[in-house]
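What follows is a single structure, written as structure tokens, with notes after it.
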Amino acid sequence: MRFRFIRCSSALLLCTALSACSVIDIKDNVVGNPEAASDTYAKNKNSHGVVLLDVNWGRVWGCAKYENAQLVTFAFDRMPLKRSNAEPAEFIVTTPGRLSAKQAFESYAYQVPPGEYALSHFKIKVAQSASNVGYFVAGQNDLLKDGKPYAGSFRVGAGETVYIGNFSLDCYKQPTLWRYYTEGKSNFKSHIAQYANKYPFLDLGNVTYRLFDTQVIGRTYELK
């Protein structure tokens, strides 16, 4: 499978612009949403949507000016925003384990209520050395502006299955979350086969290619 890795050369580098993207000491205690399961999928198939995405949780050595960096978690909230920054986000994707993370994209499927979901949080572990470790953190105040998605959003309807992209760390100038994508119809067909192998109970006969829409942490692409 082929992924396109395009770095942004403009001022859209999120952590360079956000005041909250500073190194702070916090614990890795975020609990992610459960992945799609056969029993709940059958029960909620018509009322909920299915979101497909890939994530690379692997540690990156020599990331920008840091010895290493690693994506820890990212999350979304439904619009209009009803949760405060202090509350857990509605849709959380988190690493299964930083030490065991593979340097490869892994496929995930989640069943969520329909709606528009804005990126509302992400956290990246950074290290200057083994003893000097912290995190880049961005929250609602940084990723949403005037109640509207600033970093980007995706939408999913009831009974719909959408592919929103491949998420990973980017190290151009500063560690940041970045949305990549599977390129080309042939590669996308192979990608869907990977989801089907991991989640055989999902109906993947009509998957919509609808990338997480952003002008900040990814480039626009249309499947051709």
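So if we plug the beta-carbon distance of residue 189 and residue 213 into 1/(1 + (r/R0)^6) with R0 = 22 Å, what FRET efficiency do we get, rounded to 0.05? Intermediate values should be presented prior to the final figure.
Values: r = 23 Å, r/R0 = 1.03.
Efficiency for this residue pair is about 0.45.
Probe radius 1.4 Å, ligands and nucleic acids ignored: give me the carbon and sulfur share of the accessible area of the range 40-119 as a rounded percent.
Working: 1810 of 3540 Å².
Carbon and sulfur: 51 percent of the exposed surface of the range 40-119.
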*Can you pull the accessible area of residue 107 for me, 1.4 Å probe, Å² to the nearest 10?*
10
*Is the range 155-202 rounded, prolate or oblate when judged by the Cα gyration tensor, a ≥ b ≥ c being the square roots of its eigenvalues, rounded requiring a/c under 1.5 and prolate requiring a/b larger than b/c?*
prolate
_Charge context of residue 78, other residues only, Cβ under 12 angstrom, K/R +1, D/E -1_ = 0
*Please give the solvent-accessible surface of residue 220 in Å², to the nearest 10, using a probe radius of 1.4 Å with every protein chain present.*
100
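The values are calculated or read from the model by the stated rules, or taken from the named source; none is laboratory data. Note that the coordinates shown come from a computational prediction; the quantities given were computed from them, not determined experimentally. Positions of Cβ are generated from backbone atoms using ideal geometry, with glycine treated the same way; all protein chains shown enter the neighbour counts. Ligands, DNA and RNA are stripped out before the accessible areas are found, and what is left, the full protein with its side chains, is counted by its heavy atoms. Shrake-Rupley method; radii C 1.70, N 1.55, O 1.52, S 1.80 Å.
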